[in-house]
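**Student:** Before we start, here is the structure in question, set down as structure tokens.
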Amino acid sequence: MCFCRSPGSATIDSLPRLTFISAINIRWTHLEWMCRELDRERFDVSFLLVSIAGTRPYLEEFLTREGIPFTTLDCKLRPLSIARTVWRIRRYCRRQRVDIVHTHIFFASLVGLLGAWLAGVPVRVNTRHHAVMNHGTSFFWLDRLCNLLSTRVIATSEMLRQVLVGPEHVAPGKVSLVHLGIDLETFERPPAAEVAALAARYNPRRAAPVIGVIARHIELKGIQFVIPAFRRLLTGFPDAYLVLAHASGPYTPGLQQQLAEISADRYVLIRFEPDVAALYKIFDLCVHVPIGPQEESFGLVYVEALAAGVPSIFTLSGVAPELLVHRRNAWLVGYRDSDQIYDGMKALLGDDALRASLVEEGRRTVATAFSARRMVREIEAIYSRDLAKAAESTGA
């Protein structure tokens, strides 16, 4: 367990106490941006970091630098350890008199919402970061339990809102639509030295054009349809180079079989690169092609690639139908279609004017609607409204 204190103020005890609960052990900038943009004059912020299998949460270092209190809870995926974690969350919330719990990621939401409910935390917010991955499985009832334990569920896309109020039967008034936001400046203008360092590390021969994919190796991301398209592209662009970032997951063996048909000097696998903003800048094209409309709950790649100014080939999943128009700000293709992906690559690489127009319109698309500041202001408003409602219902 780790704990660090933030600088206090004379009125800190009068502020609503907000605790974020997450369980992700790689760098996830969403919560960093939340912390930086959140009005600390309005909320007393702390974190509970659920560490699974003994790995240290990446967020610890950031929270220490920012002076934000955190407690790390070690948890094993065993019934007794999970129950103990729920009880520790309950105890923390009661001792700290937490007013708002905000959970992220499936496992943290499950244990966090249950512990907060047992502690009587009046406002329990869950940002849902998956869509239908648990539908048709034994985990579906756990999604329903999280919905039940929440006083507010944040849907990050209209598609996800429809999933929640439709097949999952969440009351419409309990669901708020808040698009995820990013630090646009970070993606528009990452430091040139960092971009050059990544280019030297991952593309030392300066091969071009570079086709970039940022997606875990799971079937729903559609990478298995990108590799055959890239193999065809090599006929006309023999110096092309494929970058597969976040290259880990259960689908890796199948993808490696496909990659075996391509010369090893024509691609690179990057298991994890924390500086994603700089990574986009080494791409000539970005490809993100989930295999169905509900495979992404949001799809940060769509917004990040447009903010970074990378001409992109996309399928419509998650938030994509709300912001993308074919040939206006992206090149759109059908699901599971290597031929269309190849046609898109060839068309974009052969048309400088089209690439430039996609970049210009893409940046305009995300300029205001997908900023981190907008996202945080909307979430702060939810906190305040729900706290007021909770106080009214108890007569406080």
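The values are calculated or read from the model by the stated rules, or taken from the named source; none is laboratory data. Remember, it's a predicted structure, so these values are computed and weren't measured experimentally. All Cβ positions, even for glycine, are placed from backbone atoms using ideal geometry, and neighbour counts span all protein chains on display. When the accessible area is computed, the model is the full protein with side chains, heavy atoms only, and any ligands, DNA or RNA have been set aside. Shrake-Rupley method; radii C 1.70, N 1.55, O 1.52, S 1.80 Å.
**Student:** Give the residues of the range 62-81 that are buried (at least 17 other Cβ atoms within 10 Å of the Cβ) and either in a helix (DSSP H, G or I) or of a type in the set (A, V, I, L, M) (or both), sorted by residue number.
**Tutor:** Matches in the range 62-81: PHE62, LEU63, ILE68, LEU73.
**Student:** Out of the residues in the range 165-187 that are assigned to a helix (DSSP H, G or I) and under 28 Å from ARG36 (Cβ atoms), which is most open to solvent (accessible area, probe 1.4 Å)?
**Tutor:** GLU185
**Student:** May I ask you to list pairs of residues, at least six apart or on different chains, whose Cβ atoms are under 6 Å apart, with the first in the range 270-292 being of a type in the set (Asp, Glu) and the second being assigned to a helix (DSSP H, G or I) and surrounded by 18 or more Cβ atoms within 10 Å (Cβ to Cβ)?
**Tutor:** Pairs that qualify, where the first residue is of a type in the set (Asp, Glu) and the partner is assigned to a helix (DSSP H, G or I) and surrounded by 18 or more Cβ atoms within 10 Å (Cβ to Cβ), are GLU273/LEU279.
**Student:** Another question, then. Specify which of the listed residues (ARG128, ARG97, ARG124, ARG90) is farther than 21 Å from ILE52 by Cα, buried (at least 16 other Cβ atoms within 10 Å of the Cβ) and charged (D, E, K, R).
**Tutor:** Just one listed residue meets the conditions, ARG124.
**Student:** Give me the pairs: first residue in the range 313-336 and within 14 Å of ARG355 (Cα to Cα) and modelled with pLDDT of 95 or more, second residue basic (Lys, Arg) and open to solvent by 30 Å² or more (accessible area, probe 1.4 Å), beta-carbon distance under 9 Å, and six or more apart or on different chains, which are they?
**Tutor:** Here the result reads ASN329/ARG363; ASN329/ARG364, each pair linking the range 313-336 to a residue that is basic (Lys, Arg) and open to solvent by 30 Å² or more (accessible area, probe 1.4 Å).
Rundown of residues vs (1) more than 24 Å from HIS129 (Cα to Cα); (2) open to solvent by 10 Å² or more (accessible area, probe 1.4 Å); (3) at pLDDT 95 or above; (4) among the β-branched types (Val, Ile, Thr), yes/no style:
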residue	(1), (2), (3), (4)
CYS2	yes, yes, no, no
GLY8	yes, yes, no, no
ASN25	no, yes, no, no
LEU48	no, no, yes, no
GLU60	no, yes, no, no
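**Student:** Which fully enclosed helices (runs of 4 or more DSSP H) of the range 285-396 have 1 or more residues being under 21 Å from ALA229 (Cβ atoms)?
**Tutor:** By residue number, 300-308, 338-349, 352-366.
**Student:** Would you mind listing the helices (runs of 4 or more DSSP H) fully within the range 189-280 where at least 1 residues are surrounded by fewer than 17 Cβ atoms within 10 Å (Cβ to Cβ)?
**Tutor:** 192-202, 223-236, 252-259
**Student:** Report whether or not VAL165 is closer than 24 Å to PHE20 by Cα and modelled with pLDDT of 95 or more.
**Tutor:** Considered against the rule, which asks whether it is closer than 24 Å to PHE20 by Cα and modelled with pLDDT of 95 or more, VAL165 comes out as no.
**Student:** Which residue, of ALA240, ALA196, is on the phi < 0 side of the Ramachandran plot, among the small types (Gly, Ala, Ser) and without any contact (Cβ under 8 Å) to a residue 12 or more places away in the chain?
**Tutor:** That would be ALA196, the only listed residue that is on the phi < 0 side of the Ramachandran plot, among the small types (Gly, Ala, Ser) and without any contact (Cβ under 8 Å) to a residue 12 or more places away in the chain.
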